1. What residue, of K199, K166, is in contact (Cβ under 8 Å) with a residue 60 or more places away in the chain and closer than 25 Å to E266 by Cα?
2. Given the conditions (1) out of contact with any Phe, Trp or Tyr (no Cβ under 7 Å at 6 or more places or on another chain); (2) within 24 Å of I142 (Cα to Cα); (3) surrounded by fewer than 21 Cβ atoms within 10 Å (Cβ to Cβ), and given that V22 satisfies all but one, which numbered condition is not satisfied?
3. Out of the residues in the stretch 220-234 meeting the condition of being surrounded by fewer than 19 Cβ atoms within 10 Å (Cβ to Cβ) and free of Cβ contacts under 8 Å to residues at least 40 places away in the same chain, tell me which one is nearest to A246 (Cα to Cα).
4. Assuming Q253 fulfils every condition listed in (1) surrounded by fewer than 18 Cβ atoms within 10 Å (Cβ to Cβ); (2) modelled with pLDDT of 90 or more; (3) in the same structural domain as D331 (by TED's automatic domain parsing) apart from one, which condition is it?
5. Answer yes if at least one residue in the stretch 150-158 is touching a strand residue (DSSP E or B) at 6+ places or on another chain (Cβ under 9 Å) and closer than 30 Å to G244 by Cα, and no otherwise.
6. Name the strands (runs of 3 or more DSSP E) wholly within the stretch 88-175 that hold at least 2 residues that are under 24 Å from P186 (Cα atoms) and among the charged types (D, E, K, R)?
7. Would you check if A279 is surrounded by 17 or more Cβ atoms within 10 Å (Cβ to Cβ) and over 28 Å from V102 (Cβ atoms)?
8. Just to be sure I understand, how many residues within the stretch 256-313 are part of a helix (DSSP H, G or I) and more than 16 Å from I335 (Cα to Cα)?
Amino acid sequence: MSKADLIAIAEAAMNDMNSTPVRKIVHVDMDAFYASVEQRDNPELRGKPIAVGGSAARGVVAAASYEARKYGVHSAMPSVTAKRKCPELIFVPPRFDVYKAVSQQIREIFAEYTPLIEPLSLDEAYLDVTENLKGMEIATEIALEIRTRIKQATGLNASAGISYNKFLAKMASDLNKPNGQAVITPKNGPAFVESLSVKKFHGVGPATAEKMHRLGIDTGADLKEQTLEFLVDHFGKSGPYFYGIARGIDERQVKPNRVRKSVGAEDTFPQDLHTYDPAREGLQPLIEKVWSYCEANGIAAKTVTLKVKYADFNQITRSKTVPVPLAAIGDLEDIVSFLLASIFPPRKGIRLLGVSLSSLERTASTAEPQLRLAL
């Protein structure tokens, strides 16, 4: 799509805003989901700092309890660093089958209120409750009722954000965590965005935030000052999206049956990696993130791609496509390990690694389990 086409489409969308009815979007986000499930199921872990994944000697934290977060422990942190920050940290192996079952319980509660549910992962989803099954008019009351139902059914806390679009609902769900909710109204939306650092924008990753910083864009107000043409020039297809959210505008619909062309995650490491084991450990939370998204959305993949960015900012990709969709996270782990091994020893230090899945398709709930895939 040409630059002129992108600009024309964005301008048409802005012009249509006045005729678009206000939507009621709720973003529900479970609080420290994996860690909270472990504390729920093991009373000895309650009130203690725990990390799901990794170990005291090696690995990477997949999730951290709020008690651990007080010490600065967070997901994707090397376990050694986490242990140094919190000597009392308890490492717990992940149980994805349990997390998936709890996620399904939560999804069934959502379905009592609206069919318009768009899961983002096992622990968060968008809901469009503009026209809801309960006939409730106030979205904040719907969010409160859903959070109460989740607590009753699972024993877990959820936070929620309520707004008139997906971007602001997502931002609002972080405002009163844990176990809280917040609303951003159409009246307050633009001002809220202007005051926010672009680093905190959902959809603006570290690399994009750094690029914006180099362009003199540090806040939503700075972003709003840029023309549509400028943003398209510098950010391509993302330009119209950034132009809209800078004004509190996000026309994306909640899509319950959306199948993305690909799903991926990447991470830039504090120090360049030179050996295989730390690189493989750094990939584990990325593997778990993309796998949980696929499980939550009932999709499977045939193609796995490894992204590698070196210290000199040059990057390469390595991919493998298998004849049948991946059936278990172990299959994905095996392929990622295979692809990673193919680039060792690296020609330079590795600053960033990413994992993405493509050739996506819907899974059938009655499908027979596949055999582990041979490499």
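1. K166
2. Every condition holds for V22 apart from (1).
3. K224
4. Every condition holds for Q253 apart from (3).
5. Within the stretch 150-158 (the criterion being touching a strand residue (DSSP E or B) at 6+ places or on another chain (Cβ under 9 Å) and closer than 30 Å to G244 by Cα), the answer is yes, since at least one residue qualifies.
6. 124-128
7. For A279, the condition - surrounded by 17 or more Cβ atoms within 10 Å (Cβ to Cβ) and over 28 Å from V102 (Cβ atoms) - is met.
8. Qualifying residue count for the region: 7.
The values are calculated or read from the model by the stated rules, or taken from the named source; none is laboratory data. Because the structure is a prediction, the values reported are computed rather than measured. Here the Cβ is made from the backbone with ideal geometry for all residues, glycine too, and neighbour counts use every protein chain on show.
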